[in-house]
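Here is the structure we will look at, set down as structure tokens.
The values are calculated or read from the model by the stated rules, or taken from the named source; none is laboratory data. All values reported here derive from a predicted model rather than from experimental measurement. Virtual Cβ from ideal backbone geometry, glycine too; neighbours counted across all protein chains shown. To get the accessible areas, we keep the full protein, side chains included, count just its heavy atoms, and leave off ligands, DNA and RNA. Shrake-Rupley method; radii C 1.70, N 1.55, O 1.52, S 1.80 Å.
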Amino acid sequence: MRNGDFPRPLRTTHYEIGHTLHCTINPLLTISCLSKTFSDGVLPVVNELSFEVEDGELFALLGPSGCGKTTVLRLIGGFMRPNHGSISFDGRLFAGDGSFVPPEKRGIGFVFQDYALFPHLAVAQNVAFGLRKEKAAVRKERTDEVLKLVGMEGFEDRLPHALSGGQQQRVALARALAPRPRLLLLDEPFSNLDAYFRNEMRDNIRAILKEEGITAVLVTHDQEEAMVFADRLGVMQGGRVDQIGTPEEIYLTPRTLFVAQFMGQTNLVLTHADGATADSVLGKLTLHRPAEGMVLVAVRPEHFTIAPTADHPDAMEATVLSRSFKGHDITYRVQVGPVDCLVHTHNREPFAPGDTVFIRAVEPAVVLDKAGE
Ligand code: ATP
């Protein structure tokens, strides 16, 4: 499904990704043809953007810096108004067609990139802020629970200025989780944590959101974070979503050149397709969908085998140019005819630059859309 021809809010929608018709979803959040241009800007920062998030789903918006991710979150949160399009939540129109619901009436939790903690309130008071309407005992119990969850028990009486960036980020997360919002918006919430704690927090928060049935939209520029955290993700560039799908769909069957390259290393080859297969400098390739004529295909480096001898009729002779040992795998750059090709392997067999090897694609090559398709 393309930007711009997304259906108007429907309770049930079929969505199409990578030429396959997928399951039916019940959207809780519907973003439809959303656009935003700032007063000092010429081009829209968010451009005819459409996507839906199912009740209980964890959805990630993934894209490079400046592609408009935070602006989308701020529009959903009600911190700014769109120029065009609409935002509906659980059947309520939050923005669009002349309506605008202010942020405090949306009932959405938000973890900002800069944490936005109240500087004059201690940690526990910050967290309890969204629980003002609860009885004191409930407020205390929930505050303790979420502080424990983010590993900040013992810091209840500290003021935010006496916390590190990562600790402030954890308090901001606890504060947003405390009132159990139906929708939680997370703007790079793990960015200030060290690698070990980031993974642990990401897994914990994911488990808690699932357990409590909280729907979330996460914004990140980190591919691995988006893939591990989200049930589905949308890959953005220039204010638009290029592709929406599960992490597997996005990684294994990218639809565009941008998505193929943004999601990790890949080999791009111009081929001559004839239905289910294509001829290329990398030999005869099986295609993931039928195509005809000149098509650009992508093959991930781990989808090749590399061997010292020709173990298959389709294996192509290559020369090793370089070898990078990365612990869990080895990446070889090899030359096949006129092109360079990356091959990842767990195979311990040590090939050296100059060695003759044989490579073969063992997964179908992904046919990328032609520009403008
Ligand atoms: P990052 O990952 O770096 O946070 P992002 O994808 O979240 O980036 P946004 O913060 O949404 O990107 O910004 C998108 C574009 O809009 C940028 O070019 C930014 O400079 C511009 N922009 C954001 N807020 C404003 C504003 N209030 N006024 C004018 N331009 C803005």
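Here the 3J(HN,Hα) profile of the stretch 41-50, calculated from phi with Karplus coefficients 6.51, -1.76 and 1.60 at θ = phi - 60°, is x, 9, 8, x, 7, 10, 10, 6, 8, 9 Hz, Gly and Pro shown as x.
Entry note, the chain: the mean residue ellipticity at 222 nm calculated from DSSP H runs of n ≥ 4, each adding -39500 (n - 2.57), is -6000 deg cm²/dmol after division by the residues and rounding to the nearest 500. Taking a straight Cα-Cα cut-off under 14 Å and skipping sequence neighbours fewer than 8 places away in the same chain, the aspartates and glutamates within cross-link reach of Lys36 are Glu48.
Taken one residue at a time, the phi angles of the stretch 119-127 give Karplus couplings (6.51, -1.76, 1.60, θ = phi - 60°) of x, 8, 9, 5, 3, 5, 5, 4, 5 Hz. Gly and Pro are set to x. By DSSP, the beta bridges lying fully in the chain are antiparallel in about 75 percent of cases.
Residue separation of Asp55 and Ala137 scaled by 0.36 nm, minus their Cα-Cα distance, works out to 26.5 nm of gained length.
Accessible area per residue for the chain is 46 Å², calculated with a 1.4 Å probe on protein heavy atoms, without ligands, DNA or RNA. Amide hydrogen proximity for Asp355: with H placed 1.01 Å from N in the peptide plane, the residues at 5 or more positions away or on another chain lying under 5 Å are Val320. The listed peptides 170-183, 58-71, ordered by packing as a protection proxy, come out as 170-183, 58-71 (highest mean of other Cβ atoms within 10 Å first).
A straight chain from Asp40 to Phe129 at 0.36 nm per residue would run longer than the Cα-Cα distance by 28.5 nm. Couplings 3J(HN,Hα) of the stretch 286-301, computed from phi: 7, 9, 6, 8, x, 8, 10, x, 6, 9, 8, 10, 10, 10, 5, x Hz, in residue order, whole Hz [Karplus 6.51 cos²θ - 1.76 cosθ + 1.60, θ = phi - 60°; x for Gly and Pro]. Note on the stretch 33-107 and the stretch 145-181: Cα centroid distance 27 Å, given to the nearest whole angstrom. Taking only Cα atoms of the stretch 265-367, what ratio of Rg to Rh do you get with Rh as the Kirkwood inverse-distance radius? Over the Cα atoms of the stretch 265-367, Rg/Rh equals 0.97. Normalised by the number of residues in the chain, the mean separation of alpha-carbon contacts (under 8 Å, six or more apart) gives a relative contact order of 15 percent.
GNM remark for the chain: springs join alpha carbons under 10 Å apart, and the peak mean-square fluctuation among Phe155, Phe325, Phe51 falls on Phe325. Here's the list of aspartates and glutamates a cross-link from Lys140 could span, going by alpha-carbon distance under 20 Å and ignoring same-chain residues fewer than 8 apart: Glu153, Glu156, Asp157, Glu212. Charge dipole (Cα centre; +1 on Lys/Arg Cβ, -1 on Asp/Glu Cβ; no other charges) of the chain amounts to roughly 1360 debye. Could you check how many percent of all C-alpha pairs in the stretch 145-217 are farther apart than 14 Å? That tail contains 59 percent of the Cα-Cα pairs.
A dipole drawn for the chain from +1 and -1 charges on Cβ atoms has a positive end, and of Gly283, Gln113, Ala176 the residue lying farthest that way is Ala176. Over the stretch 34-98, all Cα pairs binned in 5 Å intervals from 0 give whole-percent P(r) values of 4, 16, 27, 28, 17, 7, 2, 0, listed from short to long.
By the compact-protein rule of thumb, 2.2 N^0.38 Å, the alpha-carbon radius of gyration of the chain corresponds to a ratio of 1.15. Using a 1.4 Å probe on the protein chains only, how many percent of the accessible area of the chain belongs to carbon and sulfur? Roughly 52 percent of what the probe reaches on the chain is carbon or sulfur. Put simply, the convex hull of the Cα atoms in the stretch 44-192 casts, on average, a shadow of 9.7 nm².
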